[in-house]
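Okay, so here's the structure we're looking at.
The values are calculated or read from the model by the stated rules, or taken from the named source; none is laboratory data. As the structure is a prediction and not an experimental result, all values here were calculated from the model. We place every Cβ from the backbone using ideal geometry, glycine too, and count neighbours over all the protein chains shown.
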Amino acid sequence: MTRACGLERRPQAPVTRKRVACKRCAIYSTPTCLFERGVPRVPPLPLKLIGSLTSPYVRKVRVVAAEKRIELPLQVESTAAADSPVNAFNPLGKVPVLVLEDGSTLFDSRVIVEFLDHASPISRLIPADHRERIEVRRWEALSDGVVDAAVLARAETLRPMHERSPGWTERQMGKVVRGLAELDRELGSKPWCAGNGYSLADVALGCALGWLEFRMPHLDWKQTHGNLARHFAKLSERPSFTESTPRE
């Protein structure tokens, strides 16, 4: 038994605070979420993102940075030209590229988002638990895969008519159709893609669907995939998504 100032100090029972889920950020915290508590952004890190305003992969990184409250300046560059400045940062000539404080670079988007998720303790988007982590990364792989195929299909339509391959385009669009059907089936009526809260799985899905709406409105996927349409509408209300809407 402890004493202070000659008086007995009775041991106190631990205070238990109720954990609540904020409807805005779906982050479990005590007693309210980071947005409601007015937690400031993470102190600026000497980082720079190189990318475009239309790339779904760049958008994924931008959304993650916004959710993590990390200020990430964007240097807009095109990869179209053979002598694109991007080549100096990524030998593959692809975006996004994250330039670190020492001048070294990270690519592609999956590597960058993992780096950012560990750069700030706010709003962890990739679970620490192995099985939960794999589930989230699987959602990301499928969402990215749908976009990969859609990008290839669209690129084919931009080639001169005599160089186009209808068979190639059909194969890529087949991947898109099957991928969307699987994403819609797995999402079902769940409020979030994986687990009980917002994660990288939702970010990747939202960016994939946003690109399809931007570049392939003729697909009209919302009419045939109600679960995805519902989830996309919810994600589109988040500031991280509204601030990174793709545009020319």
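Among all positions in region 223-236, there is no residue which is of a type in the set (S, T, N, Q) and closer than 18 Å to Ser109 by Cα. Among the conditions (1) of a type in the set (Val, Ile, Thr); (2) over 16 Å from the mean Cα position of the chain (by Cα); (3) crowded, with 20+ Cβ neighbours inside 10 Å; (4) closer than 24 Å to Pro73 by Cβ, Val176 misses just one, which is (4). For region 52-61, the tally of residues that are crowded, with 24+ Cβ neighbours inside 10 Å and within 21 Å of Ala155 (Cα to Cα) stands at 5. Of all residue pairs spaced 6 or more apart or on separate chains, those with beta-carbon atoms under 6 Å, a first member in region 103-121 that is farther than 14 Å from Val64 by Cα and a second member that is surrounded by fewer than 16 Cβ atoms within 10 Å (Cβ to Cβ) are Leu106/Phe115. For region 148-156, indicate whether the set of residues that are within 17 Å of Leu228 (Cβ to Cβ), outside the structural domain of Lys68 (by TED's automatic domain parsing) and surrounded by 21 or more Cβ atoms within 10 Å (Cβ to Cβ) is non-empty. Checked region 148-156: at least one residue is within 17 Å of Leu228 (Cβ to Cβ), outside the structural domain of Lys68 (by TED's automatic domain parsing) and surrounded by 21 or more Cβ atoms within 10 Å (Cβ to Cβ). Looking across Arg59, Arg69, one residue alone is assigned to a loop (DSSP other than H, G, I, E, B) and basic (Lys, Arg). It is Arg69. Tell me yes or no: at least one residue of region 217-233 is closer than 24 Å to Ala153 by Cα, basic (Lys, Arg) and buried (at least 17 other Cβ atoms within 10 Å of the Cβ). No, region 217-233 contains no residue that is closer than 24 Å to Ala153 by Cα, basic (Lys, Arg) and buried (at least 17 other Cβ atoms within 10 Å of the Cβ).
Within region 107-141, the set of residues being surrounded by fewer than 19 Cβ atoms within 10 Å (Cβ to Cβ) and under 17 Å from Val177 (Cα atoms) comprises Ala141 only. Checked against (1) at pLDDT 95 or above; (2) outside any helix (DSSP H, G or I); (3) not hydroxyl-bearing (Ser, Thr, Tyr), Arg137 meets all criteria but (2).
The residues of region 239-248 that are touching a residue at least 12 places away in the same chain (Cβ under 8 Å) and either of a type outside the set (Gly, Ala, Ser) or part of a helix (DSSP H, G or I) (or both), listed by number, are Pro239, Ser240, Phe241, Glu243, Thr245, Pro246, Arg247, Glu248. Can you tell me which residue is surrounded by the fewest Cβ atoms within 10 Å (Cβ to Cβ) among those in region 62-106 that are within 25 Å of Ala141 (Cβ to Cβ) and among the polar types (S, T, N, Q)? Residue satisfying both the conditions and the ranking: Thr105.
For Asp202, the stated conditions hold: it is acidic (Asp, Glu), surrounded by 22 or more Cβ atoms within 10 Å (Cβ to Cβ), within 16 Å of the chain's Cα centre (by Cα) and part of a helix (DSSP H, G or I). The residue that is farthest from Ser244 (Cα to Cα), among those in region 71-105 that are of a type in the set (Gly, Ala, Ser) and in contact with a helix residue (DSSP H, G or I) (Cβ under 9 Å, 6 or more places away or on another chain), is Gly93.
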